Every structure is written in structure tokens, then in C-alpha cells.
1. Find all pairs meeting these conditions: Cβ atoms under 6 angstrom apart; at least six residues apart or on different chains; first residue within the stretch 365-379 and under 11 Å from L219 (Cα atoms); second residue within 12 Å of ligand 1 (Cβ to nearest atom) and of a type in the set (K, R).
2. Would you confirm, using the coordinates I've provided, whether E369 is assigned to a loop (DSSP other than H, G, I, E, B), in contact with a Pro (Cβ under 8 Å, 6 or more places away or on another chain) and either modelled with pLDDT of 95 or more or crowded, with 23+ Cβ neighbours inside 10 Å (or both)?
3. Under 8 Å between Cβ atoms, which residue pairs at least 6 apart in sequence (or on different chains) link something in the stretch 141-165 that is at positive phi with a partner that is part of a helix (DSSP H, G or I)?
4. Of the numbered conditions (1) touching a strand residue (DSSP E or B) at 6+ places or on another chain (Cβ under 7 Å); (2) crowded, with 23+ Cβ neighbours inside 10 Å; (3) among the hydrophobic types (A, V, I, L, M, F, W, C), M259 fails exactly one; give the number of that condition.
5. Out of I236, I315, I220, I need the residue that is in a helix (DSSP H, G or I), under 30 Å from I616 (Cβ atoms), touching a residue at least 24 places away in the same chain (Cβ under 8 Å) and hydrophobic (A, V, I, L, M, F, W, C). Which one?
6. Exactly one condition in (1) surrounded by fewer than 18 Cβ atoms within 10 Å (Cβ to Cβ); (2) hydroxyl-bearing (S, T, Y); (3) within 30 Å of V451 (Cα to Cα) is not met by T698; state its number.
7. Of these, I616, I611, I623, which one is among the β-branched types (V, I, T), more than 30 Å from G468 (Cβ to Cβ) and at pLDDT below 95?
8. Looking only at residues that are of a type in the set (D, E, K, R) and in a loop (DSSP other than H, G, I, E, B) in the stretch 133-167, which one is nearest to Y116 (Cα to Cα)?
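The values are calculated or read from the model by the stated rules, or taken from the named source; none is laboratory data. Remember, predicted model here, so these are calculated numbers, not experimental data. Glycine also receives a Cβ, built like all others from the backbone with ideal geometry; neighbour counts cover every protein chain displayed.
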Amino acid sequence: MFADVIVDINNVEVDKIFEYSCFGSTVQAGSRVVVPFGSKVIEGIVIKTKEKSNYSPDKIKPILRVLEDIPALTEETLELMEYVCKTCYVTRAAALRLFLPSEMRKGKVKDHFVRYINLTDDINVEEVLLSMRKSAVKQKELIEYLKEKGKSLCTPLSDRFGASALNTIVKKGYAQITKEKYLRSPYKDLSTDKKSVSLTPKQLLAVNSVVNTDKTVSLIFGVTGSGKTEVYLNLINKTINAGKTAIMLVPEIALTPQMLKQLRARFGDNAAILHSGLSAGERFDEWWRLRNGEARIAIGARSAIFAPVENLGLIIIDEEHDGSYTSESSPRYSTIDVAKFRAQKNGAKLVLGSATPSVESYLNAIDGEYNLIELPDRINKKPLPEVEIADMRKEVRRGNNTPFSSILKVELDECLKNGNQAIIFLNQRGYSKTVICTECGHVQKCDSCDVSLTYHREDDALLCHYCGAKYKMITACTECGSPYIRYGGTGTERVVDELQKLYPKARILRMDRDTTQNKEGHFKILSQFANREADILVGTQMIAKGHDFPFVTLVGILDADMSLHFSDYRSGERTFQLLTQVAGRSGRAENAGKVVLQTYSPDNPVLRYAIKYDYINFFKQEISVRKATAFPPFTDVVRILISGEDDEKTLAVTKAVYEDLSIIYNLNRDKFRFFGCMKAPLKRLQNKFRYQVLMRITAKDRELLDEIFERADKYKTRAVSVFMEVNSNNLT
Ligand code: ADP
Ligand code: ZN
Ligand code: ZN
């Protein structure tokens, strides 16, 4: 027998299939193996086994070892890997990395075994104790302990009674040691609330609609608090009962514990969690529980779409519009596309849920490609919280230079006085967004990026939010030496500061990337707030999604227009989604909620629709703009990003790519709405100069994309990288 093997080296030159001979029947498609490669011995994965080889026997080297009894990859995931290679333009080895926990490659983490000791079954303890020497006190104590407690972990007993006592009773045959696999399971202390509810008629209709439709994809368009989660749980239950498996995705790691809690309450150990915030061992064990069928529900953020489950019956993508579902690092896969692929392969259902569906998904729904399900009312019949606009231009004219409008202050007073909780949202971490010299106007910038630095007071340092570089805070302007420095733009650190000044007694928590660095960091802050150990939660978009805090009656949105003025074609959509999500955190239980939205452009139509929660009219406007300006979903935005440390070389490559692609452009003018070449919006990042060839292509034309990619890819060198992306979320 022979095997086609992909070796675990992410390099275009070895992105081929290599043949090896197998020495037995244990080699299966999907098995991880160790093979000789050149002068080295490396890991690889078998993608196919076959009877005949194309090479003469003396040319073929043998597989040295098979790493696990069960093949790590299933047939379906092998196909999926090919799909990712083709659609994301990456090597097979790079695609492979999505499917295996990184710890598993190179054997960094293995099964964890622990030793147990237990008395031998057939001994008579009384007789044994009598027969022992008087001086063997520890041994006797240990035997008595085991008699009373039964099988116990070795390590603590060895500490307590001494290793020699333990070894001796084993040697004499009075006790025996067994090695057992120990499962490292994450979030052990998570409480499980077992409240079971019966579905409302609308929820029941939603469940039945997903089950009965002949369409693969269903879009549940339901306002925040309309009970979508309950619909998901019900569908999962049906899937499991039918003997199938399910994948449930949420947009942020921070939201996984909350969902896990609900899944564990209903499905116990059947739920396994996969995300990058777990420890290596935990991830490894959870992955294997799914792979060998012990767990049949995978929950996680984006990457859990690659969960190693077989016989998939259901995939749920909650908050489907969320930007996090498109990977920002290579391979830049679209989670929804991968989900569609898996659903189709398995004959499974894909459920997309959102209060603010992406423009593309909603268009698919009204065009009839998706099954559209609507949940327009909140479960508790409470109206969505009222939104009041605070015009910050007027506040500034009045001389208010704090981050809070007078309306927000009045509402905060009221909220805290009544013992309720408030959420203050601002999508900017750090103390101040920029540091500016008041004499010469110089803005402090990163040495390696074309980006202004953010002041972080906690570290008393200037940070580059793009490359992570950290600089000492300046005491004088680096240009003119003036000591007069001004802070420009407010960040979450400063908001906490100012709030504490206004409300010295209030307990305030901050949640942003800086306060959630360590493992389970999100989880701690959120549970503190949920347990009412704090009155105000200040945070970035991390706090916007999904969380259900019944005592929150006020949400303050400090800078609603922040994301409106990006040049990205999606900025209106993103802003609408974010504002609706944040507003939805207020008034979820008994007490009516309120939202104060601060803005410098109160007449902006996106904000106008957002404060009325008017998705439909927002959609109508947005889709007509996209159509008129030829942006997605009516075109594909294709960017070739060219970057390198040498500006001239990079520019030369850019021109060469541009000229080469011009050939395609000239042959297919009818398919192009735009074709151009320019500096990237972020001109320099991590010491690399950045240029782009930008295209908008009208027809969804895979072949044309492939041709563009193949041509551009040839210009890639060690010094200059050439990177292609389609409809990326981030065109900086
Ligand atoms: P969504 O996910 O749409 O924002 P949730 O599923 O979180 O909404 O539901 C909002 C609230 O309503 C939750 O507190 C949930 O426990 C409750 N809920 C959902 N369905 C029911 C039901 N059928 N009966 C009673 N309460 C429900
Ligand atoms: Zn200066
Ligand atoms: Zn930088």
C-alpha cells in the first residue's frame, strides 16, 4: 500500500503531495504520520491511500510511524482542507493548521496520564496488617487509608506517607498502581442554571421552519432579547436526539462561557469548547473528545467551524453579521462560506442569527436563497430601550469638555441612585488616542508604522495599536522640545478616571483588550458585573455583544460616529450594527432601559435609523447605495497588497503586478468596475511600505479571481510579499 502525504512545512515549494509506502493497514486517510523528508524526519498527514504507486519501489521511502490510532482528520475535513486552499490561496500545510490544535503538531502536548493506587482485590487487610513489622508504621497507615478511601491519586499519598512506603506495599503485592487518562476540562467552576422554558409560539414556528425548509441556510432575523438562544438550544437538542452532531459559534471568546453554561445545563458533557483562550492541554483534550465522539456539540468562536465532528446535522452562527467571522490573518477564510460547505457536504442545516443581519445575508434572504425567519418582538414584550441623542457640538459650545453630555450625566445620576447598573461604551482603549504638542502641533508617531501613538496611563507609556510597540511617555515634544503636551481623543482609561471623579462611591469595571489579557480574563470581569459587584462597566466593542445583564438600565454610547468616518464601504453597516447591539444591553429585564447616544453628526441617516431600530429602512438605503456605487454584494472587492522594507523595490513590484494584471483587465473590461494602483491607506506598518492594486469585479467569477491570483503570486519574493484578499473586512 502507498500513501499520499502532505508534509507539515508551510512553504510554496513543498506544497505538493509526496508518496510514501505504508507498512500495514493502520495507515488511513487522515492519519498523522512521521516520515523521512530530505535529511530530516517530520510530521505529515495522509490524504489518500492507494494500491499502486507512480514511482519505482526503490525511489519511495516508507512511513516511519503512525501517530494516533484514530485518524486525526476525517474524509470530510480532508475535502474541506482542499476547499480552503483553493478559496483562500494558501498552501495545504497552512490550511491543515486550521484543523489540528497547534499543540498536537510536533507533539507538544500529549494525553495527560495520572497514577492511581488501590489495594489489591484479593488481600485480607486485617491479616496483612498483622503480618507486617511493627516499625512499618507508614506502610500500615497507608494501607488503612486505602482501605477506607479506596482508589486514590498517588502523588498526594506519596507526599503524605512517603514514596518508599508507597513503593513497598506495591512491591509486596498489597496494592497496585494504574495509569489513567486525565481530562483537562476548561471552565470547571462554571455554574449551570437549569431553568427550562417552554417555547413561545413564535419560537416554535422558528424551530419548525428550520427543520422543515428544504433550504440549507435559514436566517433568523430577531431583535435583541427575542429568544434566539432558546431556539438554538432547541434545534441542538433535536439534532443530538437524531444521533447527529452540532457546531455552535459565537462571535467572541468572551461569549463562550455564557453559552457553554447553557449548553452544559442541558447537554452535560456532550458539549465541548474550542477556542484559543484555553490552555494547550485543555484544547487538546476537548478536541479529542469531539474527534472520538464523546462530545457531540462543539462550541467556540470562529475557528470552531473546523471542529472534528462527524455526521454533522446543524451549524449555528450567532450574530452572523459580526466582523470577527472573517479571519484577519492568513488563511483569511469566511466562516459562513466554510459553514455552507460543511452543511452541504453533510446535508446539515445552517442557521444564521442576528438582530442586524449583514446586508449580504439579508439580501440573500429576501431573494429567496435563504429561508427567512423573523422574531420581531422581545420575549418579555418590553419595548426596546428608548434612545436619546446628545448633540455633542452643542455641549462643546456650552463649554463642556468632559466626555459626558449633560443628558448622560442626569441619566447616570438617576440610574445609580436607584441602585441599577450602567454600561458606558467607547471603542477606544488607552487613556488618550493621541498625544499632541500644543506649540508646534506635532503628533507622536510609531517609529515603524505610519500611525499615531496612544497614551496608556496604567503603563505610563505610548503604544502603537498596530504593531504593539511600546515607547516611554514623553515629557517634552520630540520635535520642538516644548513641555506643553495635549491629550487628543478619549480612551476607556480616561473615561473610568472621569467617572470616578464624578461618582467617587461608584464601583467601576473596565473591559477592553488591556484588562482581558490573561486566561479567562473576560469571564472574570463579566461575572463580577453580572453578580453586581460593580455599578458601571466601561468597555470597548467587547461589551457590545450578547451579554444579558438584567440590572442594566442605562447604556451610554460616548462616540457614536467614531466608526462612521472610515473610508471603508462597510462603515455605515458596521456603525448601525454596533449601535443596535450596544443599545440592546439596556433594559433586558424588569426595569425599562434607556440609551444615550452622543454624536457630532446627529443628522446622519445611519444614526437616525439606528435610534429607531429600523433595520429594514436602513437596509433599503444601504443596498441602494451599494448598487449605485458598485460595492459588495454587487461586486467583489479584490485587493493585492504588496509590502516590503525597501520602498523602491516594493513600488517596482507593485508596478509590475499592476502592468501584468492590466492584461486581464483589458481583456475583461466588462467585468471590472474599478482597476487601480495606489499606496495602501496605512502606508507603513512594522517597517514595511505598503502598496495595493485594487479592483472591483462585477461578476462572481471564480476563474477570473484564480487567474488574477496566479499572475500576482508570481511576483512574491523573500523581500516583497504579495498578498491577495477578496472582500476583506479590513482594508487598511
Ligand atoms: P436573544 O438571543 O434573541 O437576544 P435570548 O435568547 O437571550 O434572546 O432571550 C432573552 C431572554 O428571554 C433570556 O433571559 C431568556 O432566558 C428569556 N427567554 C427566552 N425564551 C423564553 C421562553 N420561551 N420563555 C421564557 N423566557 C424566555
Ligand atoms: Zn512641538
Ligand atoms: Zn507601530
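1. L375/K202
2. On the way: assigned to a loop (DSSP other than H, G, I, E, B): yes; in contact with a Pro (Cβ under 8 Å, 6 or more places away or on another chain): no; either modelled with pLDDT of 95 or more or crowded, with 23+ Cβ neighbours inside 10 Å (or both): yes.
So E369 fails the test.
3. Every condition considered, the pairs that remain are G162/K138.
4. Single failed check for M259: (2).
5. Values: I315 fails: in a helix (DSSP H, G or I); I220 fails: in a helix (DSSP H, G or I).
Of I236, I315, I220, the one residue that is in a helix (DSSP H, G or I), under 30 Å from I616 (Cβ atoms), touching a residue at least 24 places away in the same chain (Cβ under 8 Å) and hydrophobic (A, V, I, L, M, F, W, C) is I236.
6. Every listed condition holds for T698 apart from (3).
7. On the way: I616 fails: at pLDDT below 95; I623 fails: at pLDDT below 95.
I611 is the lone residue from the list that is among the β-branched types (V, I, T), more than 30 Å from G468 (Cβ to Cβ) and at pLDDT below 95.
8. Taking the stretch 133-167 as the starting set, the residues that turn out to be of a type in the set (D, E, K, R) are 133-134, 138, 140-141, 144, 147-149, 151, 159-160.
Filter once more, so that each one left must be in a loop (DSSP other than H, G, I, E, B): 133-134, 151.
Details: R133: 25, K134: 26, K151: 6 Å.
This residue is K151.
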